[in-house]
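Some notes on the structure that comes next.
Laboratory data are not the source of any read-out in this text; all were calculated from the coordinates shown. Computed from a predicted model, the values in this text were never measured in an experiment. Neighbour counts are summed over all protein chains in view; Cβ atoms, including those assigned to glycine, are modelled from backbone coordinates with ideal geometry.
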Amino acid sequence: MKNHFIQLNIKLLILFQLLCIYSCTIPKNNSMRSSNIHVIRLKPGMDLKKSIQAYVNENNIEAGWINTCVGSLTTYNIRFANQPKTHSDSGHFEIVSLTGTLSKNGSHLHISISDSLGKTIGGHLAEGNIIYTTAEIVIQSSNNFIFKRAKDGTTAWEELQIEKRKN
């Protein structure tokens with residue numbers, strides 16, 4: 001009987017601790033409402049960059065970023081650092097990283113891929129990266145900002161311009 005009460009007390013203590021932890025993680029304000037999570041899966045033969053941009057445009061995302069992406073490619077097309085042209089190859093490549101900013105006003109993405117020996121390369125994502133098995137992508141966006149791209153005189157490229165959305 002004594003063991004039964006000890007086990008019950010331990011279970012109640014664990015339940016109390018879980019309730020305390022959960023109550024600490026509940027947002028206390030409405031700031032989370034300004035953030036959205038989007039999850040997409042691309043299928044074989046789809047173009048990675050075109051498909052992401054189409055999703056961004058269809059969902060009217062003005063300020064987003066890649067949280068994570070895993071998947072594989074049969075063809076890559078990447079512009080390496082400080083190179084004017086893209087480089088392509090065919091085979092089987094794992095997407096080990098995808099990062100960047102997203103907007104219906106223009107996006108900027110970088111990718112890292114590895115080959116069958118684990119050799120990894122990366123650079124600016126161009127069109128022509130074709131999905132092999134899948135690309136599982138999580139995008140987060142904010143309603144507090146608007147991302148635009150424009151030449152600002154600091155580089156020859158259209159760079160990110162950030163506007164705070166007026167409430």
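For region 25-167, treating each Cα as an identical point scatterer without solvent, what Debye log10 I(q)/I(0) comes out at q = 0.14 1/Å? Values, matching the q order: -0.70. Summarising the label geometry, the points placed 7 Å from Cα in the beta-carbon direction at Gln83 and Thr120 lie 1.8 nm from one another. Fully extending the segment from Ser112 to Val39, taken as 0.36 nm per residue of separation minus the present Cα-Cα distance, adds 24.3 nm.
Taking R0 as 41 Å, what FRET efficiency do you get between Glu163 and Thr133 from their Cβ-Cβ distance, rounded to the nearest 0.05?
Details: r = 38 Å, r/R0 = 0.93.
Using R0 = 41 Å, I get an efficiency of 0.60.
Note the full-extension length gain between Ala156 and Ser142 as 0.36 nm times their separation in residues minus their Cα-Cα distance, in nm to one decimal. Please list the in-between numbers first.
Numbers: separation 14, 0.36 × 14 = 5.04 nm, distance 2.77 nm.
Contour length minus Cα-Cα distance gives 2.3 nm.
For the pair Thr99 and Met46, label points projected 7 Å from Cα toward Cβ lie 2.4 nm apart.
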